[in-house]
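Taking it in order: structure first as structure tokens, then the write-up.
What follows is calculated from the coordinates using simple rules that are stated; it is not laboratory data. Quick caveat, the model's predicted, so the values are computed rather than measured. Cβ placement follows ideal geometry from the backbone for every residue including glycine, while neighbour counts extend to all protein chains displayed.
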Ligand code: ASP
Ligand code: MG
């Protein structure tokens, strides 16, 4: 007999008929002998309707009152579902967030869960009842000591369910929804998108908007951090859905269920080399040709970055094993002058480098993590040779001589235990696909800061100024080329960020850029970002080349490239976004 947490979303309980069907499904699980805790959302579009009501009374509804109102939606569903279960002869009891003891931060409208008391739920289960819990809500103690109703943010009942499952030590959490599970890509753009049987929580987080359309990312984060088996499946069918996997199980302890440390591992890979190209012609197919030449020579590249430089030529850089450096340099040099463009490109090679990465689900949406990593290194006078960021990882390439000191500083700064420090690349299993899914993100803009002084801490200062304003950078690429400014050599830093943050970014950076003569923020045109994600990428040579080839064959130019271990992202013109997604999905044979 297992303990299961089953969550049913708004559309699954959208009308009484559906609600009764949910009760029937729960009855079956219960009769099979399992203990069941059910978490439900508000019926159908109730939360939207309640929000509309509030907004027709007040332009800015007070957050406390809004939470009071919105939390009522879930209270209707739990009472009705509990009645429906009892009608079927199943013992059931409904509980609000407060009755369960879901304790959150005192942040109305976006509260994170601190702690879940489990005694009352366990007591009811022990008496044989199905416990029906209101998702999306909790309680917090306000500054003056009063208990207040809070909500977790839209879509938050997934998070309630996973947190409850983790706190109860449930065997697994099942999220029942109106889709069959997680697909290889957005089916509205690519009709051949396929259902995935498995995906890791890290891959799901790296798929960003694609994953978020299926599950609240905070729910995935909790499942990942506590190693909780999570299943997403349809409420309308018996299809088994998609299983989200993560590392070993961990007990929930303490009082910061959702506020655990954002970083849970530090990785160092030494003996790295870097090949940097500048003045690479900016036209479709160049990145593909370079990558293919390298993989034909049997050279596996790790991180790749590319960004546009003025004069319509690109800088490109990639890291690889130190022992392959000379060969790689020869391979790319032989292509210089053969790829078109007004002048041959310039190739430089650097050896004795190390790659240092911070890993953690909490890196998403917490821009201060990257900023404090860069600042810690900058203060110690350690230069960043290359930066690569993704949803669950921030990597930078530094001099190998600095590696030991950098490791100590970051281990201390992020309070990591020795067991969380990995001194070798973590191997992946051969059977893991190189690309599990592809995502398109159209909500981003591109911008670059020209003239960032080439001294330790300068890139950190840019990231810090933005993170202090809570602006998340996604792809960050530092140029290879330097330019001369009154302060000496300077580089350009290109990045992508949420489009609506562009103006705020300009304001946040202004005071800093004033201190650097010649520095300025240059906003870019409308872009789309396509990302291929797969945990098998590190052990599958040529994946990037294949993605670049797919874009080249579709005639799509790549404005920016950034990779991390399990993700390759390309920035393309906004109008090319959908075609890019289709081309990449096809080239990795993700269409069944
Ligand atoms: N009812 C809330 C919403 O619509 C929470 C949820 O459904 O997950 O956002
Ligand atoms: Mg939802």
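For this structure, a couple of remarks:
- Between 0 and 90°, nearest 10: helix 577-587 axis offset from the chain longest Cα axis: 90
- The stretch between residue 64 and residue 15, if pulled fully straight at 0.36 nm per residue, gains 14.8 nm over its current Cα-Cα span.
- Value of [θ]222 nm, deg cm²/dmol, for the chain, DSSP H segments ≥ 4, -39500 (n - 2.57) each, nearest 500: -9500 deg cm²/dmol
- Angle between the chain longest axis and helix 217-226 axis [Cα atoms, degrees, rounded to 10]: 90
- Cα centroid separation, the range 492-540 to the range 149-205 (Å): 29
- Mean Cβ neighbour count within 10 Å, used as a protection proxy, ranking 233-241, 441-449 highest first: 441-449, 233-241
- Average Cα contact separation per residue, the range 21-89, under 8 Å, 6 or more apart, as relative contact order %: 50
- Taking the range 185-318 and dividing mean pair separation by its residue count, relative contact order in percent (alpha carbons under 8 Å, at least six apart): 18
- Between 0 and 90°, nearest 10: helix 286-296 axis offset from the chain longest Cα axis: 90
- Packing-based exposure ordering (other Cβ within 10 Å, fewest first) of 529, 322: 322, 529
- Bridge orientation summary for the range 23-140: considering DSSP beta bridges with both residues in this region, about 25 percent are antiparallel.
- Percent antiparallel among DSSP beta bridges (both partners in the chain, rounded to 5): 75
- Considering only alpha-carbon pairs that sit under 8 angstrom and 6 or more positions apart, the relative contact order computed for the range 62-119 is 28 percent.
- Taking a point 7 Å from the Cα of residue 255 along the Cα-to-Cβ direction, the residues of the range 105-131 with backbone N closer than 19 Å to it are 105-108, 111-120.
- Sorting 256-265, 125-134, 557-566, 368-377 by average packing, meaning the other beta carbons within 10 Å per residue, from highest down gives 557-566, 368-377, 125-134, 256-265.
- Extending 7 Å from the Cα toward the beta-carbon at both residue 126 and residue 28 defines two label points whose distance is 3.2 nm.
- Multiplying the residue separation of residue 237 and residue 422 by 0.36 nm and removing their Cα-Cα distance gives an extension gain of 62.3 nm.
- In the range 352-466, one over the average inverse separation of all distinct C-alpha pairs is 15.7 Å, which is the Kirkwood hydrodynamic radius.
- Extension gain, residue 154 back to residue 484 (0.36 nm per residue minus Cα-Cα distance, nm): 114.0 nm
- Label-reachable residues, the range 98-130, where backbone N falls under 14 Å from a point 7 Å from residue 75's Cα toward its Cβ: 98-100
- Each of the peptides 76-84, 505-513 was scored by the mean count of other Cβ atoms within 10 Å over its residues; in descending order, highest first, they stand as 76-84, 505-513.
- Three semi-axes of the equivalent ellipsoid, the chain, Cα gyration tensor, whole Å, largest first: 45, 25, 22
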